[in-house]
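Quick note: the coordinates plus some simple rules give every number you see, no bench work behind them. The structure displayed is predicted, hence computed values, not measured ones. Because the Cβ atoms are built from the backbone with ideal geometry, glycine has one as well, and the counts that use them run over all protein chains shown.
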Amino acid sequence: TIALQHGAHGVGRRRDAAMEKWRAYGLGQFVHWGLYSIPAGEWNGKQYNGAAEWIKSWKEVPATTYDSLMYQFNPTKFNAESWAATAKQMGVKYVTITTKHHDGFCLWPSKYTNFTVANSPYKKDIIGPLVKAYDRRGIDVILYFSIMDWHNPDWRYDIKTREDSVAFDRFKQFTRNQLLELLTLYPAAKGLWFDGTWDKSWVKQAAFADSLEKEMRAMRPGLIIGSRFRADEYGKRHFDSNGNMMGDYEQGWERKIPEKITDVHGNDWDCVMTVPENQWGYSKIWKGHIKTTDELLEMLAKCVSLDGNFVLNFGPKPDGTLRTEELDLAKGIGAWMDTNSEAIYNGEYAGLVKQDWGYYVKKTGTNKIYMLVFNVPVSGALNVVLPSRTAISKVYDLGGPGLSYVPEEIGTSTYFIHLKQQTFKRPFVLVLETADNSKNSGAQYQKAK
Ligand SMILES: COc1ccc([C@@H]2N[C@@H](C)[C@@H](O)[C@H]2O)cc1
């Protein structure tokens with residue numbers, strides 16, 4: 001191994017209560033809201049074909065004109081309680097909220113810049129009411145923060161000259177001040193979700209970022225910080241020069257999901273997902289494929305089955321309301337969660353052979369295994385292969401308490417579960433209770449008639 005001062009500081013999973021809670025979340029919500037929500041992907045009647053929250057980077061948009069959007073920020077219909085109520089009904093256990101995106105506009109009244117809500121017509125703090133509304137409903141809050149800040153004149157993409165270095169040192173202090181300010185103002189926040197850390201300027205700050213991370217963790221014991229915050233002294237990000245993960249969970253899964261358990265290297269991770277192909281901030285026109293409730297439920301199931309959390313993004317409108325499509329998805333997901341959330345919360349990789357019908361989730365600390373079924377075979381028979389000397393002792397359907405199944409043993413620890421109906425409106429969950437039958441004392445079951 002390579003001697004590292006600023007590489008990963010822990011190997012393997014954190015076992016403290018805060019991280020065990022994070023690991024158990026299953027389902028989260030992302031919220032991208034800011035000045036970019038006003039143009040919503042359009043400028044001078046032209047469609048920006050990138051992600052709406054990146055519109056300031058479009059050559060059509062003069063930076064000072066973009067920044068004057070601050071004087072239009074006045075979400076008169078913003079109501080933190082209603083966003084949190086929607087999220088509660090959807091069944092999310094945590095929310096990641098943009099405090100400052102790449103454009104540099106702060107949704108909290110930071111005292112380190114004038115480019116904040118305090119100087120908008122709205123005037124009031126947005127982050128405080130959101131933290132309160134979500135937290136009191138038992139939804140943990142993670143604060144999204146972009147290191148890259150297009151508004152701050154001291155930001156640099158790289159450090160080439162003495163002047164760059166002097167300016168970037170000011171920028172580093174500004175960044176530290178804002179982060180400590182956020183942790184001080186919003187002590188209920190459980191973690192920080194960093195973005196905008198790929199440029200050389202920041203990648204060269206291994207020592208500074210490492211000491212800032214240590215300072216934040218000391219200030220807020222249990223604080224959860226992802227792998228994207230800092231690079232090691234060789235510029236390695238997410239995984240240090242020895243291949244150990246930086247931070248507490250892997251943040252690389254943005255709009256993509258791991259295929260198999262070896263893709264996640266035994267680490268915690270979350271997948272952050274957009275409803276359209278690639279829009280995080282509110283965009284007037286959603287082009288291309290818009291994901292359905294069933295698609296999103298399958299992504300959720302896949303993430304939890306592979307030891308991760310699934311975080312669905314919402315891009316609120318400039319007036320502070322949520323768009324209909326997102327409210328409908330929250331309702332659809334929430335309805336499914338009302339029946340099946342026990343297969344999602346406290347779920348982990350079950351260690352069973354993946355089958356075509358869907359995903360296994362093991363309830364942490366129990367022998368309970370959930371079968372989240374998305375693809376019913378024409379045979380109506382769900383194949384289940386358990387580790388040898390393990391038997392199925394009971395199978396029942398979460399959706400229909402009366403519905404239980406008698407598995408047919410077709411080989412050693414190999415079964416068919418014969419479904420009783422052919423068509424299903426929604427994905428459904430069967431609960432497997434397993435028993436050790438090495439001493440052949442396992443529960444017996446009738447051979448299927
Ligand atoms: C260089 O490519 C990207 C892509 C997306 C991002 C941001 N991360 C997502 C969570 C959104 O905030 C998006 O703007 C940044 C850089």
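Just to be sure I understand the curve: with the Debye formula and one point per C-alpha of region 108-214, what is log10 I(q)/I(0) at q = 0.16, 0.22 Å⁻¹? Taking Cα atoms of region 108-214 as identical point scatterers yields -0.79, -1.26.
Which order do K317, K93 fall in if you start with the one that has the fewest other Cβ atoms within 10 Å?
Listing K317, K93 from fewest to most nearby Cβ atoms yields K317, K93.
Note on the chain: with a GNM built from Cα contacts shorter than 10 Å, the maximum mean-square fluctuation among G400, G34, G334 falls on G400. Across E259, E250, E233, mean-square fluctuation computed from a Gaussian network of the chain (C-alpha pairs under 10 Å connected) peaks at E259. From Cα pairs below 8 angstrom and at least 6 apart in sequence, can you work out the relative contact order of region 67-136, rounded to a whole percent? It comes to 39 percent, rounded to a whole number. For K59, the aspartates and glutamates whose Cα falls under 14 Å of its own Cα, not counting residues fewer than eight places away in the same chain, are E42.
For the chain, DSSP calls about 55 percent of its internal beta bridges antiparallel.
How large is log10 of I(q)/I(0) for region 314-355 at q = 0.17, 0.19, 0.24 Å⁻¹ when the intensity is taken from the Debye formula with one equal scatterer per alpha-carbon? Once normalised to I(0) and log-transformed, intensities are -0.66, -0.73, -0.84. Against the chain, whose longest principal axis comes from its Cα atoms, helix 293-305 is set at around 80 degrees. When the chain is treated as a Gaussian network with alpha carbon springs shorter than 10 Å, the biggest mean-square fluctuation among A209, A87, A435 belongs to A435. Projected onto planes of every orientation and averaged, the convex hull of the alpha-carbon atoms in the chain covers 23.9 nm².
Taking 0.36 nm per residue of separation and subtracting the Cα-Cα distance, full extension of the segment from M299 to N278 would add 6.0 nm.
Angle between the Cα long axis of helix 206-219 and the longest principal axis of the chain, 0 to 90 degrees, nearest 10? Approximately 70 degrees, to the nearest ten. Structural descriptor for the chain: relative contact order 17 percent, calculated from alpha carbon pairs under 8 angstrom and at least 6 residues apart.
Residues K204, K284, arranged from fewest to most other Cβ atoms within 10 angstrom of their Cβ, appear as K284, K204. Principal-axis analysis of the Cα atoms of the chain puts helix 162-185 at an angle of about 60° to the longest axis.
The slack in the chain from A335 to S404, taken as 0.36 nm per residue of separation less the alpha-carbon distance, amounts to 22.6 nm. Overall, the anisotropy analysis places region 268-323 in the prolate class: the square-rooted eigenvalues a ≥ b ≥ c of its C-alpha gyration tensor yield a/c not less than 1.5, with a/b exceeding b/c. Counting DSSP beta bridges in region 1-140, what percent are antiparallel, to the nearest 5? Of all bridge pairs located within region 1-140, approximately 35 percent are antiparallel. Average projection, convex hull of the Cα set of region 1-132: 12.4 square nanometres.
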